[in-house]
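One structure is given below, encoded as structure tokens.
The values are calculated or read from the model by the stated rules, or taken from the named source; none is laboratory data. No experiment lies behind these values; they were computed from the predicted model shown. Positions of Cβ are backbone-derived with ideal geometry, glycine not excepted, and every protein chain shown enters the neighbour counts. All accessible areas refer to the heavy atoms of the entire protein, side chains included, with ligands and DNA or RNA removed. Shrake-Rupley method; radii C 1.70, N 1.55, O 1.52, S 1.80 Å.
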Amino acid sequence: RNPRLVGATCTDIVDSVFYNYAEGPSGNPTSANLIGNTYQKGPAPAVAGLSFSTLEWRYARDVDFFDRLIPTSTYATGNRALGFAFSAPSGDDHTVRRASPACAPSVRSVGAAAAYGMVLGHSGPQIRSDQTARLLANVANGGGTYYSGAGHPGPNPAWP
């Protein structure tokens, strides 16, 4: 659900909505801007047994690409959390933070609240089915259910 930026240069994630948020965008970019995004807690993490992270950005070392931390690589501002509060970064998550963008953002943010309204107002097909309306209402209300298929006859999702 969330971007994984490995070695990305001058990458912008601006005015996006991440629903069923369980863990922040991650990776080891050389430079990234996370601006005006909304991270919203939903039903999936706890039901699926996933840990819930309150980090706005999570550093993840990927030995297939970069086996060392790229310090001061990630700029984050104007993001907001719905259903939880961001925690202060520490350790590696803190080390990769920048005080200003490494590269000028490619677009101007309209702000997290305005972008959230735009995403919910304009996502999906122009002629909305009941299912599309239900999915958008789930996001707006923080609702929905998480179905893993466990205990139900196949076919259903398989979990390793």
**Study point:** Criterion violated by residue 100 - all others in (1) surrounded by 15 or more Cβ atoms within 10 Å (Cβ to Cβ); (2) in contact with a Phe, Trp or Tyr (Cβ under 7 Å, 6 or more places away or on another chain) satisfied
**Key:** (1)
Study note, to complete from the structure: Restricted to the stretch 62-110 and to residues being among the hydrophobic types (A, V, I, L, M, F, W, C) and closer than 11 Å to residue 30 by Cα, the residue modelled with the lowest pLDDT is 66
Check your understanding: Does residue 113 satisfy the criteria of being more than 13 Å from residue 15 (Cα to Cα) and either among the basic types (Lys, Arg) or out of contact with any strand residue (DSSP E or B) (no Cβ under 6 Å at 6 or more places or on another chain) (or both)?
Key -> no
Practice item. Go through the stretch 1-24 residue by residue and tally those that are assigned to a loop (DSSP other than H, G, I, E, B) and more than 17 Å from residue 72 (Cβ to Cβ). Key: 10
Review point. Of 115, 85, 76, which residue is open to solvent by less than 60 Å² (accessible area, probe 1.4 Å), over 14 Å from residue 33 (Cα atoms) and not hydroxyl-bearing (Ser, Thr, Tyr)?
Key: 115
Review point. Going through the stretch 85-98 one residue at a time, which ones are assigned to a loop (DSSP other than H, G, I, E, B), over 18 Å from the mean Cα position of the chain (by Cα) and in contact (Cβ under 8 Å) with a residue 12 or more places away in the chain?
Key: 98
Practice item. Considering only residues that are free of Cβ contacts under 8 Å to residues at least 24 places away in the same chain and within 18 Å of residue 139 (Cβ to Cβ), look in the stretch 1-42 and name the one that is nearest to the chain's Cα centre (by Cα). Key: 18
Check your understanding: Scanning for something farther than 24 Å from residue 90 by Cβ, modelled with pLDDT under 75 and open to solvent by less than 20 Å² (accessible area, probe 1.4 Å), does the stretch 20-31 turn up at least one residue?
Key -> no
Practice item. For the stretch 127-147, enumerate the residues that are free of Cβ contacts under 8 Å to residues at least 60 places away in the same chain, in a loop (DSSP other than H, G, I, E, B) and surrounded by 11 or more Cβ atoms within 10 Å (Cβ to Cβ). Key: 128, 147
Practice item. Keeping to the stretch 99-126, report how many residues are in a loop (DSSP other than H, G, I, E, B) and either at positive phi or among the aliphatic types (A, V, I, L, M) (or both). Key: 7
Check your understanding: Which of the following residues is free of Cβ contacts under 8 Å to residues at least 40 places away in the same chain and either within 24 Å of residue 20 (Cα to Cα) or within 19 Å of the chain's Cα centre (by Cα) (or both): 61, 68?
Key -> 61
